[in-house]
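Below: one structure, written as C-alpha cells.
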C-alpha cells in the first residue's frame, strides 16, 4: 500500500492507503456545489480497478459509502476522502464556498516484466499478412491463448476481420474484448484484450478499454512527434479510433442513456466536447506535426473521459444489469 509523498501528512478518511503499484493518471477540474457533475451527488462508483481521492481545498464536504455499511465522513479543507475501486458512494458539498477536486489512480502501466502489455501490443502488432491465409487464424488464436488475463495483443490483416470476430465469439465467449483500430485499404487492425470469463463484458468496460487504447496511441504519437516523425500509423489509428468511438457513443450509447432516465445536460456537455475533439482531429489531419494540438487534445480527453467513466458508464451499466450483450456485440463489430 502507498500514498503520494506530498500527501503523507494529510488526514485521510477513511484511513486507507492506495494499493501498491498504483499511480495517478487523471485530475478533475476544481468543483463546487454548482459546477460538480450532478452524478457525484447520487449513488455512483469508480470504474473497475480505479481508486480516487477527494481533495478538499476549501469548506466542508460530506462523503458517504452506499454499500450498506452506513459509513460516512465530513471532510474539511486539507483533508482527503479515499474512494476504493467499485464501491458505491456519493458526495455533498456542505456550503456554497466548498471547493474540491478528484485525483484518480490505477495500476501503473510499467511494472518490471509486466511493462505495459497493451502498449507493447500497439507498438509491435502481430502482422498476419506475413502468413499464408489458411494459417492466419491458427496464428492469431495461438497468440491470444498465450496471453494472461489483463494482457492484450494487436494484430493487422489485409482483409475484413469480422469473420475472425465471429470465430472468437463462438469459441472464446466472454474471454476477450475486441477493439477495432483501423480500417483502410489493405490494412485492418484490431486490439484484442484477454479477460477473465467470470461474466459477459459490460458496455462500460469495453468503452473504458477503448479509452485506454486511445491513451496509449496518444503516448506513441507524442513520442514520435518528439523524435521528429510526422504522423504515421499511430496518429492515423488515433484519429480513426476516436471518430469510431465518438460515433458509437452518439448513435447508440447516448440515446440509450437518455431512454433509461439519464439527465440531458451531461449529454449536451459530452456532445459539445465531441465537437471540440473533432476540431483537434482536423488540425492533426492537416498538420500531422502539430505537437501543441496533440497536447491540448490529451488534456481535453482526460477531462472528458473522467466524466464518462465516473458518471455515464456506471449509470448505464447499473440500468442494463447484464442485458447489454447485444450492445457490446455491436461495439465489437462497428467500424
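Remark: 308, 64 ranked as 64, 308, counting other beta-carbon atoms within 10 Å and listing the fewest first. Look at (1) 49, 21, 16; (2) 38, 32, 18; (3) 35, 22, 20: the one that is semi-axes √(5λ) of the Cα gyration tensor in Å derived from this structure is (3).
Once the Cβ-Cβ distance of residue 27 and residue 333 is raised to the sixth power relative to R0 = 35 Å, the FRET efficiency obtained is 0.50. Ordered by the number of other Cβ atoms lying within 10 Å of each residue's own Cβ, fewest first, 210, 157, 96 fall into the sequence 96, 157, 210. Dividing the mean sequence gap of close Cα pairs (under 8 Å, 6+ apart) by how many residues the chain holds gives a relative contact order of 17 percent.
Here the simple spin-label model places points 7 Å from the Cα toward Cβ, and for residue 287 and residue 185 these points are separated by 2.9 nm. The slack between residue 171 and residue 20, meaning 0.36 nm per residue of separation minus the straight C-alpha distance, is 50.8 nm.
Cβ crowding within 10 Å ranks 124, 22 as 124, 22, fewest other Cβ atoms first.
Given their separation in residues at 0.36 nm each and the Cα-Cα distance between them, residue 138 and residue 276 gain 45.4 nm when the chain is fully extended. The relative contact order of segment 116-198, computed from alpha carbon pairs under 8 Å that lie at least 6 residues apart in sequence, is 33 percent. Against the main long axis of the alpha-carbon atoms of the chain, helix 203-226 sits at an angle near 80°.
The peptide list 272-278, 130-136, 309-315, put in order of mean Cβ contacts within 10 Å with the highest first, becomes 309-315, 272-278, 130-136. Extending 7 Å from Cα along the Cβ direction at residue 158 and again at residue 243 yields two label points whose distance is 2.4 nm.
Which value does Rg/Rh take for segment 116-198 over its C-alpha atoms, Rh per Kirkwood? Don't jump to the answer; show the numbers that get you there.
Values: Rg = 11.9 Å, Rh = 12.8 Å.
My calculation puts Rg/Rh at 0.93.
Full extension of the chain segment joining residue 35 with residue 321 gains 100.0 nm, where the gain is 0.36 nm per residue of separation less the Cα-Cα distance.
For the chain, the longest principal axis of the alpha carbon atoms and the long axis of helix 133-145 meet at an angle near 30°. Compactness of segment 202-335 is given as radius of gyration and Dmax, 15.4, 48 Å, from Cα positions.
Each value in this text was obtained by applying a stated rule to the coordinates, not by laboratory testing. Just so it is clear, the model here is predicted, and its values are computed rather than measured. Every residue, glycine as well, gets a Cβ built from its backbone with ideal geometry; the counts of neighbours run over all protein chains shown.
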